[in-house]
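Data first, discussion second: the structure below is written as structure tokens.
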Amino acid sequence: ALLVALGGTQLALLVNAASFAAVALAAAALRTRRHPEPQDVAHDDRAGGLQALLGDRVLRPVVLAAVGALLFISASMTAEVFYVKDVLGAGDAGYAAMFAAWTLGMVLGALALPQRVPPAAMAAAVLVALGVQGFGMAAQTAWAVLPAALAGYLVGGVGHGLKNALVRTVIAQR
């Protein structure tokens, strides 16, 4: 929204395209640091991925909760522009600030917190992180002003970033 306000839709789309190119280049430059060794685990080769996810007693609640939260977060995205502009009266810059706060929170949550979670507690921490994500989204509506919304989105983003990192780790470990 800030780029549109500064230089129009074309500038925003060009910056977006450049960011995707940067991500693609970074992904191409990644190298693994370890060589996984085959595990001696009995499994049914006929079982599909969904069966593997939902058949595991640890993964089932993690995956179902994460997917459920994703549905609610995705549904709320369509209303956020109206919330920010009509309820908060914040305009394009406020809308951009809201998403910047969420993104900053995600980066902080993904980079600063996952390594602090003991492996045995990761699945439970996913559920706590989902609660933090939802709390950040919900609590900020109690005081409908931009600073409260920014704080809520920052907190929600931290939960979202931590949840993303932990869900993938739990899936990979299981």
Problem - Projected label distance in nm at A75 and A22, using a 7 Å step from Cα toward the beta-carbon - result: 3.4 nm
Practice task
With springs only between Cα atoms under 10 Å apart, run a GNM on the chain and tell me which of A18, A28, A142 wobbles the most.
Solution key: A28
Exercise for the section: Please give the length that would be gained between V67 and V128 if that part of the chain were fully extended, namely 0.36 nm times their separation in residues minus their C-alpha to C-alpha distance (nm, one decimal). Expected result: 20.5 nm
Practice task
For the chain, set up a Gaussian network in which alpha carbons nearer than 10 Å are linked by springs, and say which option among G136, G152, G55 fluctuates the most.
Solution key: G55
Handout entry: Backbone HN-Hα couplings from phi across region 11-23 [Karplus 6.51/-1.76/1.60, Hz, Gly and Pro as x]
Key = 4, 4, 5, 5, 5, 4, 4, 5, 5, 5, 5, 5, 5
Practice task
May I ask you to list the residues of region 67-106 whose amide nitrogen lies under 12 Å from a point 7 Å from Cα along the Cα→beta-carbon direction of A148?
Solution key: 88
Completion exercise
Taking placed amide H atoms and a strict 5 Å upper bound, the residues 5 or more places from A90 or on another chain that come that close are K85
Problem - Stretch gain in nm, segment A121-D86, where the contour uses 0.36 nm per residue and the Cα spacing is subtracted - result: 8.5 nm
Completion exercise
Computed over region 75-174, the Cα gyration tensor eigenvalues, each multiplied by 5 and square-rooted, give semi-axes in Å (largest first) of 29, 11, 11
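No value in this document is a laboratory result; all are computed from the given coordinates. A quick note: this is a predicted structure, and the numbers were derived from the prediction, not measured. Positions of Cβ are generated from backbone atoms using ideal geometry, with glycine treated the same way; all protein chains shown enter the neighbour counts.
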